[in-house]
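This report refers to the structure that appears directly beneath it.
The values are calculated or read from the model by the stated rules, or taken from the named source; none is laboratory data. Note that this is a predicted model, so its numbers are computed, not measured. Note that we place each Cβ from the backbone using ideal geometry, even for glycine, and neighbour counts take in every protein chain shown. The area values use the complete protein model at the heavy-atom level, side chains included, leaving out ligands, DNA and RNA. Shrake-Rupley method; radii C 1.70, N 1.55, O 1.52, S 1.80 Å.
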Amino acid sequence: MRRLFPFLLLCLCLMSFTADSIFTSPIHYTLTLAGNFGEPRPRHFHGGIDVKTEHMEGKALYAIADGYIVKASLNMHGFGKAIYVRHPNGKTSVYGHLRDFSPRLNNLMEQYRLQHHCDTFALTFQACQLPVSRGQFVAFSGNTGHSMGPHLHLEVHETQTDNLLDPLEYLKAYVTDRTPPVVRGFKAYPVAGEGSFVTTDVFYPTTTGLHGWGRVGFAVHAEDLMDSVPNRYGIRFTELYVDDRLVFRSDVSGIPVKCHPQVNIWGDSAYFYSQHEWFMKSFIEPGNTLPILHADDNKGYVIFNEQRPYRLKYVLSDIFGNKTVSEFTVEGRRAN
């Protein structure tokens, strides 16, 4: 019976949560972003959204759904002070760069720190030890860890797989955005010995005289924008069509943590390191196993095998449905 009691307690606690938790904003003022989910960074994707806290530390933060605090950490993974909240709908939310925890949690963390004389650790908790309700105060925002200014770094994980999800899938009702993404330029990547293209430099929708032959991949440098803020963000949805046939698409959500380094394969990392601009490829190279990328039988490469115009069209969109369409024409022409 003694062994059964913790299990029964856990069941009773989880029954008190709604099966389909309704998510709410982690702040009580307008939700605006300093960074969005999946932005390409050197060797990793941005794993959450950066919520602006009015350029201040000490803003109250609230649980985005019912659940319980399963872990709190200090100075781990670049998060500074962080809280992990497990939700009964199979998701876990993470709150990073905090200044302070809620009083009860702060006492537990401080006791452990003093008893063990350490400043880097994590504590885990059982269900019902630290339950939280949707909208309950959990922490104060801060600038701890690898942070360039006061903000909340908020992540949402699939609890079972630990895949990273776009928090805006659950919080977009609290964000106003009618601004579509913008295209900055394109690049072509002819396959050595199999394809040719007139230029490997950056070109634009207005560029004329483009021609290619054989097997050629393409990439786009684009940025998402949002209403009333100057920040630039990563692209959630990308589609590439050739003569109205879809050859490649990406949906940046559900990224396995182990796949983080593959951002350097999907993106042209060499160009980024030299020019500080990410060109994200619309073809899938060997070694790229990102499940967020989908392509036709040619892995997204365009096959120019007829001497005629080929119409290429990029469709870029965000989670709010704002869309940008950008087209260019490539003349199929055999290499001399």
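Identify all residues within region 141-160 that are part of a strand (DSSP E or B) and either surrounded by fewer than 20 Cβ atoms within 10 Å (Cβ to Cβ) or among the small types (Gly, Ala, Ser) (or both); write none if there are none. I'd like the intermediate steps shown before the answer.
Applying the first criterion (part of a strand (DSSP E or B)) to region 141-160 yields 141-142, 151-158.
SER141, GLY142, GLU158 - these are the residues of region 141-160 that are part of a strand (DSSP E or B) and either surrounded by fewer than 20 Cβ atoms within 10 Å (Cβ to Cβ) or among the small types (Gly, Ala, Ser) (or both).
In region 300-326, what residues are part of a strand (DSSP E or B) and either of a type in the set (Gly, Ala, Ser) or loosely packed, with under 12 Cβ neighbours inside 10 Å (or both)?
So the first thing to find is which residues in region 300-326 are part of a strand (DSSP E or B), and the list is 302-304, 309-317, 323-326.
Of everything in region 300-326, those that are part of a strand (DSSP E or B) and either of a type in the set (Gly, Ala, Ser) or loosely packed, with under 12 Cβ neighbours inside 10 Å (or both) turn out to be SER317, SER326.
Picking from VAL252, VAL257, which residue would you name as being open to solvent by 50 Å² or more (accessible area, probe 1.4 Å), at negative phi, under 24 Å from the mean Cα position of the chain (by Cα) and in contact (Cβ under 8 Å) with a residue 60 or more places away in the chain?
Details: VAL252 fails: open to solvent by 50 Å² or more (accessible area, probe 1.4 Å).
Result of the check over VAL252, VAL257: VAL257.
Which number in (1) open to solvent by less than 20 Å² (accessible area, probe 1.4 Å); (2) assigned to a loop (DSSP other than H, G, I, E, B); (3) closer than 30 Å to ASN305 by Cβ marks the one condition that THR206 misses?
(1)
Assuming GLU57 fulfils every condition listed in (1) part of a loop (DSSP other than H, G, I, E, B); (2) out of contact with any Lys or Arg (no Cβ under 7 Å at 6 or more places or on another chain); (3) of a type in the set (Asp, Glu) apart from one, which condition is it?
Status for GLU57: all satisfied but (2).
Of the conditions (1) open to solvent by 40 Å² or more (accessible area, probe 1.4 Å); (2) modelled with pLDDT of 95 or more, MET76 fails just one. Which one is it?
Unmet for MET76, out of (1) open to solvent by 40 Å² or more (accessible area, probe 1.4 Å); (2) modelled with pLDDT of 95 or more: (2).
Residues being in contact with a strand residue (DSSP E or B) (Cβ under 8 Å, 6 or more places away or on another chain), open to solvent by 40 Å² or more (accessible area, probe 1.4 Å) and over 20 Å from HIS151 (Cβ atoms): count how many of those fall in region 79-90. Walk me through it before giving the result.
Keep residues of region 79-90 that are in contact with a strand residue (DSSP E or B) (Cβ under 8 Å, 6 or more places away or on another chain), which gives 79-88, 90.
Among the residues that remain, those that are also open to solvent by 40 Å² or more (accessible area, probe 1.4 Å) are: 81, 86, 88.
Filter again for over 20 Å from HIS151 (Cβ atoms), leaving 86, 88.
Residues that pass the stated criteria total 2.
Being farther than 26 Å from VAL156 by Cβ, of a type in the set (Val, Ile, Thr) and in contact with a Pro (Cβ under 9 Å, 6 or more places away or on another chain) is the requirement here; does VAL263 meet it? Spell out how you get there, then give the answer.
Numbers: farther than 26 Å from VAL156 by Cβ: no; of a type in the set (Val, Ile, Thr): yes; in contact with a Pro (Cβ under 9 Å, 6 or more places away or on another chain): yes.
Judged against the criteria, VAL263 is not a match.
Could you list, in sequence order, all residues of region 161-196 that are open to solvent by less than 40 Å² (accessible area, probe 1.4 Å) and among the acidic types (Asp, Glu)?
Hits for region 161-196 are ASP166, ASP177.
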